[in-house]
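Take a look at the structure set out below.
The values are calculated or read from the model by the stated rules, or taken from the named source; none is laboratory data. Everything quoted here is computed from the prediction, not taken from an experiment. Here Cβ is always computed from backbone atoms with ideal geometry, including for glycine, and neighbour counts include all displayed protein chains. Surface areas here come from the heavy atoms of the whole protein model, side chains and all, with no ligands, DNA or RNA. Shrake-Rupley method; radii C 1.70, N 1.55, O 1.52, S 1.80 Å.
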Amino acid sequence: MNAISNLQLKQSTWQTAIMLTLAFWLSASLVLDWVIMPSLYLAGMMNEANFATAGYTIFWNFNRLELLSAAVILTAVLAVGQAKSNRGLGNIFLSCLLLTVAVVDTYFLTPQMCAVGSHLSLFAAHAVPETMNLLHGGYFMLEVFKLVAGAILLNRCWLESCQV
């Protein structure tokens with residue numbers, strides 16, 4: 001009897017970890033994408049000579065938090081899914097997709113945007129390169145995908161915690 005209640009307690013702790021980490025990650029993404037970056041853009045950040053360095057610094061730190069959050073979520077989903085066998089495969093798939101988005105943002109999109117945004121000539125006009133617009137579009141598509149997948153996973157975990 002003690003083993004059954006102990007299993008439910010551990011499962012509940014992991015589900016709480018998933019929900020808190022997802023809530024933190026998704027809310028931080030919304031604040032960064034819909035408050036901080038638009039306000040910097042409207043303040044003229046894109047017209048500054050070193051906007052790529054500032055953007056890279058902001059996203060370097062945030063991307064590492066995203067990787068940590070995705071790893072915690074995947075670990076917690078695997079721990080919860082171990083007790084449920086087949087019922088957790090959808091959650092495992094969603095958490096793997098969230099980790100993939102974080103890896104692509106961290107190791108592909110952010111360095112590419114920094115490289116495109118850095119000006120090698122001090123005398124060149126500071127126009128936004130066309131490639132930068134494509135990278136921003138890809139980034140925001142991944143952000144929308146991350147928010148939708150994260151919301152679905154959060155909803156599933158919430159419903160599962162209500163059933164326990």
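For the condition polar (S, T, N, Q) and farther than 30 Å from A115 by Cα, what is the one hit in T57, T53, T16?
Working: T57 fails: farther than 30 Å from A115 by Cα; T53 fails: farther than 30 Å from A115 by Cα.
Only one candidate qualifies: T16.
Specify which of the listed residues (V103, V80) is within 21 Å of G150 (Cβ to Cβ), part of a helix (DSSP H, G or I) and at pLDDT 90 or above.
Sole residue among the options that is within 21 Å of G150 (Cβ to Cβ), part of a helix (DSSP H, G or I) and at pLDDT 90 or above: V103.
Among the residues of segment 130-164, write down those that are open to solvent by 60 Å² or more (accessible area, probe 1.4 Å), under 22 Å from G90 (Cβ atoms) and charged (D, E, K, R).
Matches in segment 130-164: R156 only.
Given the conditions (1) free of Cβ contacts under 8 Å to residues at least 24 places away in the same chain; (2) over 17 Å from L147 (Cα atoms); (3) among the aliphatic types (A, V, I, L, M), and given that V31 satisfies all but one, which numbered condition is not satisfied?
(2)
Of the conditions (1) of a type in the set (K, R); (2) within 18 Å of L159 (Cα to Cα); (3) modelled with pLDDT of 90 or more, R64 fails just one. Which one is it?
That leaves (2) as the condition not met.
How many residues does segment 138-147 contain that are hydrophobic (A, V, I, L, M, F, W, C) and under 11 Å from the mean Cα position of the chain (by Cα)?
Just the residues of segment 138-147 that are hydrophobic (A, V, I, L, M, F, W, C), to begin with: 140-142, 144-145, 147.
The next check asks that each one be under 11 Å from the mean Cα position of the chain (by Cα); those that pass are 142, 144-145, 147.
Residues flagged as hydrophobic (A, V, I, L, M, F, W, C) and under 11 Å from the mean Cα position of the chain (by Cα) within segment 138-147 amount to 4.
Just a yes or no: is a residue in segment 36-47 open to solvent by less than 60 Å² (accessible area, probe 1.4 Å), at pLDDT 95 or above and either in contact with a His (Cβ under 9 Å, 6 or more places away or on another chain) or more than 18 Å from C157 (Cβ to Cβ) (or both)?
No: segment 36-47 contains no residue that is open to solvent by less than 60 Å² (accessible area, probe 1.4 Å), at pLDDT 95 or above and either in contact with a His (Cβ under 9 Å, 6 or more places away or on another chain) or more than 18 Å from C157 (Cβ to Cβ) (or both).
Is it true that F123 is out of contact with any Gly (no Cβ under 7 Å at 6 or more places or on another chain), open to solvent by 40 Å² or more (accessible area, probe 1.4 Å) and at pLDDT below 85? Quick ask: steps written out before the conclusion?
Numbers: out of contact with any Gly (no Cβ under 7 Å at 6 or more places or on another chain): yes; open to solvent by 40 Å² or more (accessible area, probe 1.4 Å): yes; at pLDDT below 85: yes.
Here the answer is yes, as F123 does meet what is asked.
Mind listing whichever residues of segment 50-73 are open to solvent by 30 Å² or more (accessible area, probe 1.4 Å), under 22 Å from Y139 (Cβ atoms) and not aromatic (F, W, Y)?
Residues satisfying the conditions are N50, T53, A54, T57, I58, N61, R64, L65, L67, L68, A71.
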